[in-house]
Amino acid sequence: MKAVTVGSATVDVIATVDSDDIERMTLHNSTASFLLLEPGRKVDATSVITQTGGGAVNAAVSLKRLGFDVSALVKVGDDHNAEKIVDRLTEIGIATDLVRTCDSEATAVSVMIASHDRNAAIFTHRGANCSVTDADVSAQSFVGADLVYVTNLSNQSADRFPDIVARAKAAGAFVAANPGIRQLTGKTAPFFDSLPHIDLFTCNFEEARALVPSMMERTGWDRETEAAPPGAPVLEIEGFRLPLTAWFRRVHAFGPRFAAITNGGKGAYVSDGHSVHLEPARKANVVGTAGAGDAFASTLAASLVKGLPVSKAAAMAAANAASVVAHVDTQSGLKTWDALLADIA
């Protein structure tokens, strides 16, 4: 089977700092937490490593290990970091014929500072990731693809999202999309207009909440908001309140056959339009959460394309995400198809 991933490519610099050298402050009236560094002080790191990453690259590695022939449609600068990304893709056996080069922007770079619970603070220069043009994503890019997986797109690149999913669908591919919060809230109308071309839409719980006001505006308000049984999950934001099952029902009405909401250690919900499956999170020694979302979403998409039922596809996705968070980088934990089957057996 053939897959194309679309989205970001970055060089990740990951510094792991001992807990004694960094403080964390958590606000009591908020869920926000902050890492504190002393100004002017040179802090020793227990390790500093450089890896390739970005949503499209992470998903490409994931799908390659799951047995797909993969091409990554990403945009990089004309620089040494671009060579690192291309060399990494080539090393793994991922086709680079869809890698585009930007003359005016540098290849994207992220710097991650990991400490305490190892949930890294990430500094990102998006660079060439923001410069995808219409010419970069021609319909020919998706010919023969069984799966097209579209990750988060930023700025100008996000403007291409409707054309990307429409062209992928026209090429006959199963289209999976995992956009980020900035795309969902900043490009909301184009996103909803694109849903008829998407087979699987995946987001996290906070992103699902952020969509509620726009979803209610488009689908109307009714008494189903009062119908959630006691203890049932509810998405609530800015005075809008929508049971999880109603959220899924409305998403399916826009077009997607499948939809999923991830919720960290609380597990994930996957709907096929008839029922909602809750997949519990796997126990893991969490070292870093970067890359877990793309591991889950890409594995879920691959499993559905290969014909697995929702419950088994969700279990495969959860197992791969749990393996990824046990590593500080975004790719070392990604497993093969057979390894995941063995995990869930």
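State in Å² the accessible area per residue of the chain; use a 1.4 Å probe, count heavy atoms of protein chains only, and round to the nearest integer.
Heavy-atom SASA per residue in the chain reads 44 Å².
Cα centroid distance between segment 80-114 and segment 320-338, in Å?
Centre-to-centre distance over Cα atoms comes out at 20 Å.
Indicate, rounded to the nearest 5 percent, the antiparallel portion of the DSSP beta bridges found entirely in the chain.
50
Once the Cβ-Cβ distance between ILE344 and GLU217 is put in as r, and R0 is 35 Å, what FRET efficiency do you end up with, to the nearest 0.05?
For ILE344 and GLU217, the calculated efficiency is 0.35.
Working from the alpha-carbon coordinates of segment 230-281, get Rg over Rh, Rh being the Kirkwood radius.
0.97
Under a point spin-label approximation (7 Å from Cα along Cα-to-Cβ), what is the ALA121-GLU238 distance to one decimal in nm?
Distance between the two pseudo-spin positions: 2.9 nm.
Within 10 Å, count the other beta carbons around each residue, average over each peptide in 87-99, 239-251, 331-343, and list them highest first. Walk me through the intermediate numbers first.
Numbers: 87-99: 15.7, 239-251: 19.4, 331-343: 17.3.
Descending packing order for the listed peptides: 239-251, 331-343, 87-99.
For the chain, what is the calculated [θ] at 222 nm in deg cm²/dmol (nearest 500), taking -39500 (n - 2.57) for each run of four or more DSSP H residues and dividing by its residue count?
Helix-only estimate at 222 nm: -9500 deg cm²/dmol.
How much of the accessible area of the chain, in percent, comes from carbon and sulfur atoms when a 1.4 Å probe is used?
50
Report ³J(HN,Hα) in whole Hz for each residue of segment 332-345, in order, from the Karplus equation J = 6.51 cos²θ - 1.76 cosθ + 1.60 where θ = phi - 60°; Gly and Pro get x.
Coupling constants for segment 332-345: 4, x, 5, 9, 7, 4, 5, 5, 5, 4, 5, 4, 8, 5 Hz.
Which order, highest average first, do 277-285, 68-76 follow once you tally other Cβ atoms within 10 Å for each residue and take the mean per peptide?
Packing order, densest peptide first, comes out as 68-76, 277-285.
With the dipole of segment 123-242 worked out from charges on the C-beta (+1 for Lys and Arg, -1 for Asp and Glu) around the Cα centre, which of THR219, ALA168, ILE237 lies farthest toward the positive end?
Farthest towards the positive end: ALA168.
Pick from HIS327, HIS274, HIS252: which is most flexible by mean-square fluctuation in a GNM of the chain where alpha carbon atoms under 10 Å apart are linked?
HIS274
May I ask which of LYS169/LYS306; LYS75/LYS335; LYS2/LYS312; LYS84/LYS335; LYS266/LYS312 have a Cα-Cα span longer than 24 Å here?
LYS75/LYS335
Under unit Cβ charges (Lys, Arg +1; Asp, Glu -1), what dipole magnitude, rounded to 20 debye, does segment 57-161 have relative to its Cα centre? Walk me through the numbers on the way to the answer.
Working: 9 positive and 14 negative charges, 76 e Å.
Magnitude of the dipole: close to 360 debye.
Run the simple label-point estimate for HIS274 and ASP18 please: 7 Å along Cα→C-beta, distance reported in nm.
Here the answer is 5.7 nm between the modelled labels.
Give, rounded to the nearest 20 debye, the magnitude of the charge dipole that the chain has about its Cα centre when Lys and Arg contribute +1 at Cβ and Asp and Glu contribute -1 at Cβ.
Rounded to the nearest 20 debye, it is 800 debye.
The values are calculated or read from the model by the stated rules, or taken from the named source; none is laboratory data. Because the structure is predicted, anything quoted here is derived from the model rather than measured. Methodologically, a virtual Cβ is constructed for each residue, glycine included, from the backbone with ideal geometry; neighbour enumeration extends over all protein chains shown. Note: accessible area is taken over every heavy atom of the protein model, side chains too, but ligands, DNA and RNA are not part of it. Shrake-Rupley method; radii C 1.70, N 1.55, O 1.52, S 1.80 Å.
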